[in-house]
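Enquirer: I have a structure I would like to understand better, so I am pasting it below and will then ask my questions one at a time.
The values are calculated or read from the model by the stated rules, or taken from the named source; none is laboratory data. No experiment lies behind these values; they were computed from the predicted model shown. Neighbour counts are summed over all protein chains in view; Cβ atoms, including those assigned to glycine, are modelled from backbone coordinates with ideal geometry. The accessibility values were calculated without ligands, DNA or RNA, using every heavy atom of the protein model including side chains. Shrake-Rupley method; radii C 1.70, N 1.55, O 1.52, S 1.80 Å.
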Amino acid sequence: MDTVRLVFDAAGRVLWAGLLLGAGLPVVFALGVRMLAGAEDTVGPDGTVVSHRPSAVRRAVAWLCFALVVFAVVVGLLVIIGAGTGKVVSFEHGWPTLVPKS
């Protein structure tokens with residue numbers, strides 16, 4: 001019975017990792033793109049088209065989303081590169097670095 005619990009525990013971890021990395025990063029990227037999209041253009045009474053730019057807060061949120069996605073991609077590449085060279089990714093100093101396996 002303990003084996004069944006371990007299998008379900010491992011499957012749950014894989015499910016959460018898949019949701020986070022498989023669907024989560026594209027959702028964060030899409031949120032960033034949506035934050036950069038301004039409101040719809042409006043036509044003034046004199047026929048001129050008025051474009052609405054996103055606010056500074058929306059632009060900051062967008063760039064934060066993009067930075068998070070780039071960070072996740074860099075960490076993923078480091079994990080792949082580290083596995084091929086016999087190293088592991090360490091967050092010892094706050095930034096991901098490759099260190100030899102202990």
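Enquirer: Can you list residue pairs whose Cβ atoms sit under 6 Å apart, with the first residue in region 82-102 being under 19 Å from PHE71 (Cβ atoms) and the second being open to solvent by less than 80 Å² (accessible area, probe 1.4 Å) and in a loop (DSSP other than H, G, I, E, B)? Count only pairs 6 or more apart in sequence or on different chains.
Expert: Within 6 Å, the pairs are VAL89/PRO96.
Enquirer: Here's something else I'd like to know. Where residues in region 39-48 are open to solvent by 60 Å² or more (accessible area, probe 1.4 Å) and part of a loop (DSSP other than H, G, I, E, B), which of them is nearest to GLY24 (Cα to Cα)? Walk me through how you get there before you give the answer.
Expert: Just the residues of region 39-48 that are open to solvent by 60 Å² or more (accessible area, probe 1.4 Å), to begin with: 39-43, 45-46, 48.
Restricting the remaining residues to those that are part of a loop (DSSP other than H, G, I, E, B) gives 39-41, 45-46, 48.
On the way: ALA39: 25, GLU40: 27, ASP41: 30, PRO45: 43, ASP46: 45, THR48: 40 Å.
If we take residues in region 39-48 being open to solvent by 60 Å² or more (accessible area, probe 1.4 Å) and part of a loop (DSSP other than H, G, I, E, B), then ALA39 is nearest to GLY24 (Cα to Cα).
Enquirer: Would you check which residues across region 49-64 are open to solvent by less than 70 Å² (accessible area, probe 1.4 Å) and either part of a loop (DSSP other than H, G, I, E, B) or within 30 Å of VAL79 (Cβ to Cβ) (or both) and list them?
Expert: If the condition is that a residue be open to solvent by less than 70 Å² (accessible area, probe 1.4 Å) and either part of a loop (DSSP other than H, G, I, E, B) or within 30 Å of VAL79 (Cβ to Cβ) (or both), then PRO54, SER55, ALA60, VAL61, ALA62 are the ones that fit.
Enquirer: So if I check each of ALA17, ALA10, which one is exposed (fewer than 11 other Cβ atoms within 10 Å of the Cβ), at pLDDT below 90 and part of a helix (DSSP H, G or I)? Walk me through it before giving the result.
Expert: Details: ALA17 fails: exposed (fewer than 11 other Cβ atoms within 10 Å of the Cβ).
Matching residue, one of ALA17, ALA10: ALA10.
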